1. Take the residues of segment 30-75 that are basic (Lys, Arg) and touching a residue at least 12 places away in the same chain (Cβ under 8 Å): which is surrounded by the fewest Cβ atoms within 10 Å (Cβ to Cβ)?
2. Considering each of ASP38, ASP27, ASP59 in turn, give the residue that is within 17 Å of LYS2 (Cα to Cα), within 11 Å of the chain's Cα centre (by Cα) and not small (Gly, Ala, Ser).
3. Have a look at VAL56, VAL45, VAL20, VAL11 and point out the one that is in contact with an Asp or Glu (Cβ under 6 Å, 6 or more places away or on another chain) and aliphatic (A, V, I, L, M).
4. In segment 3-29, which residues are in contact (Cβ under 8 Å) with a residue 40 or more places away in the chain, within 20 Å of SER75 (Cα to Cα) and either surrounded by 14 or more Cβ atoms within 10 Å (Cβ to Cβ) or among the aliphatic types (A, V, I, L, M) (or both)?
Amino acid sequence: MKQKKIMLPTVAEAKEFVAVAGKCDFDINVFYNRIIIDAKSILGVLSLDLRKILTVEYDGENEELEAFLNEKAASKYKAA
């Protein structure tokens with residue numbers, strides 16, 4: 001399992017994340033506190049507090065997903 005910490009501060013970025021996740025043929029979960037959400041569920045992702053750091057866990061390979069997660073890495077937002 002791979003894990004990355006990301007931030008999706010806008011609804012548009014959350015929608016883009018769900019669209020990218022939907023193209024993957026493996027499970028992707030988003031963790032926030034004790035909540036686990038399917039990353040392919042727009043309602044689930046939008047129900048999270050998008051101002052907080054989210055943990056994404058997945059077990060597969062997809063270049064587009066990796067690029068998106070690296071672009072939205074939580075460490076980039078903290079530095080700003």
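What follows is calculated from the coordinates using simple rules that are stated; it is not laboratory data. Note that the structure is a prediction, hence the values are computed from the model and not measured. Using ideal geometry, Cβ is built from the backbone for each residue, glycine included, and neighbour counts are taken over all protein chains shown.
1. Quick first cut of segment 30-75, residues basic (Lys, Arg) only: 34, 40, 51-52, 72.
Now narrow it down to the ones that are touching a residue at least 12 places away in the same chain (Cβ under 8 Å): 40, 51-52, 72.
Numbers: LYS40: 19, ARG51: 8, LYS52: 12, LYS72: 20.
Out of the qualifying residues, it is ARG51.
2. The unique qualifying residue is ASP38.
3. On the way: VAL56 fails: in contact with an Asp or Glu (Cβ under 6 Å, 6 or more places away or on another chain); VAL45 fails: in contact with an Asp or Glu (Cβ under 6 Å, 6 or more places away or on another chain); VAL11 fails: in contact with an Asp or Glu (Cβ under 6 Å, 6 or more places away or on another chain).
Of the residues listed, the single one that is in contact with an Asp or Glu (Cβ under 6 Å, 6 or more places away or on another chain) and aliphatic (A, V, I, L, M) is VAL20.
4. Residues of segment 3-29 that are in contact (Cβ under 8 Å) with a residue 40 or more places away in the chain, as a first pass: 3-10, 13, 16-17, 20-21, 23-24.
Checking which are within 20 Å of SER75 (Cα to Cα) leaves us with 3-10, 13, 16-17.
Within segment 3-29, LYS4, LYS5, ILE6, MET7, LEU8, GLU13, GLU16, PHE17 meet the criteria.
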